[in-house]
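**Student:** Below: one structure in structure tokens.
What follows is calculated from the coordinates using simple rules that are stated; it is not laboratory data. What you see is a predicted model, and the numbers here were worked out from it, not measured in a lab. Backbone-built Cβ (ideal geometry, glycine too); neighbour counts: all protein chains shown.
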Amino acid sequence: MNVKTSVVRGRWCDLDRVAALATESLAPGALAAWLVPDARHRYAVIAAVTRMWVEHALLFGDVFLLADGTAAAAWFHRYRPLPPPARYADRLAAMCGVDQDRFLRLDRALAAFRPAEAHNHLALLAVPGRHRTRRAAAVVAGAQRCMDTLGLPTYADVLADGDLDLFARQGYTHRHVLPVDGRVTVHAMWRPAPLGRPHRPARSASRPPDRTPRPERGSVPALARASVGGAA
């Protein structure tokens, strides 16, 4: 299958599409099974939580899609501490119910090993389907080219063991194995800043990036607008 490596920058109108890709990618996996043991509720819970985080990435980072819309990558610009999603604890409790503690445990596990220095963070690779290898490689390569223009190192939470080689080919090295529980792990991978590219001044993390087309008036969800004023 021929897959083009060009990517487009996600906008607010892409929120539902990216969230659906993320849900379809995560829900069948071991991490989702641990987060939501009851299979009857798993898809709905994962869908709600991933949508919240994609929304947050549109505010405090970048989202990229393959031009054909079949794969996406959600990034955060971690130049300084970022606020959580608006009303995070209340929303997570409403979304997850009895499984809320597992999501909070995952949050703590990921945060414990996250680098303190300024970097761009690939938090979510959303590539569903059985034949995903080329699409995953294409969206990571395309997004990485865009991130390299910012002159900072990049960090990735890799949820699938099968993606480790993909990131290694992009210049990432394995940094940590993050134990979530006895059977589920997340791999932390790191890529140094590209040589010869000065760091571009950090943009404010309190508003969408200037180079991203601004949403039409009234098109940004109210909860997303509220998160701009959240505490770090």
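**Student:** Which distance in nm do the two modelled labels at Arg40 and Arg87 give, with both placed 7 Å along the Cα-to-Cβ direction?
**Tutor:** 2.8 nm
**Student:** His119's amide H: which non-local residues (gap 5+, or another chain) put their own amide H closer than 5 Å, with H modeled 1.01 Å from N in plane and none for Pro or chain starts?
**Tutor:** Arg78, Tyr79
**Student:** Go through the stretch 114-173 and name the trypsin sites (Lys or Arg not before Pro) that are in a DSSP coil and have 13 or fewer other Cβ atoms within 10 Å of their Cβ.
**Tutor:** Answer by residue number: Arg130.
**Student:** Take the alpha-carbon positions of the stretch 7-196, form their convex hull, and give its projected area averaged over all directions (one quarter of the hull surface) in nm².
**Tutor:** 10.2 nm²
**Student:** In addition: Take Thr149 and Asp181, extend 7 Å from each Cα along the Cα→Cβ direction, and tell me the distance between the two endpoints in nm.
**Tutor:** In this crude label model, Thr149 to Asp181 measures out at 4.2 nm.
**Student:** How high is the relative contact order of the stretch 7-196? Use alpha-carbon pairs under 8 Å, at least six apart in sequence, and give a whole percent.
**Tutor:** The normalised contact order for the stretch 7-196 reaches 23 percent.
**Student:** Going by C-beta contacts inside 10 Å, put Cys146, Cys96, Cys13 in order with the fewest on the left.
**Tutor:** By the 10 Å Cβ count, ascending, the order reads Cys13, Cys146, Cys96.
**Student:** Hey, another quick one. Name the long-range amide H neighbours of His176: under 5 Å, sequence gap of 5 or more, or other chain; modelled H, no Pro or chain starts.
**Tutor:** It is Ala188, by chain and number.
**Student:** Would you mind putting 177-183, 160-166 in packing order, based on average other-beta-carbon counts within 10 Å, highest first?
**Tutor:** 160-166, 177-183
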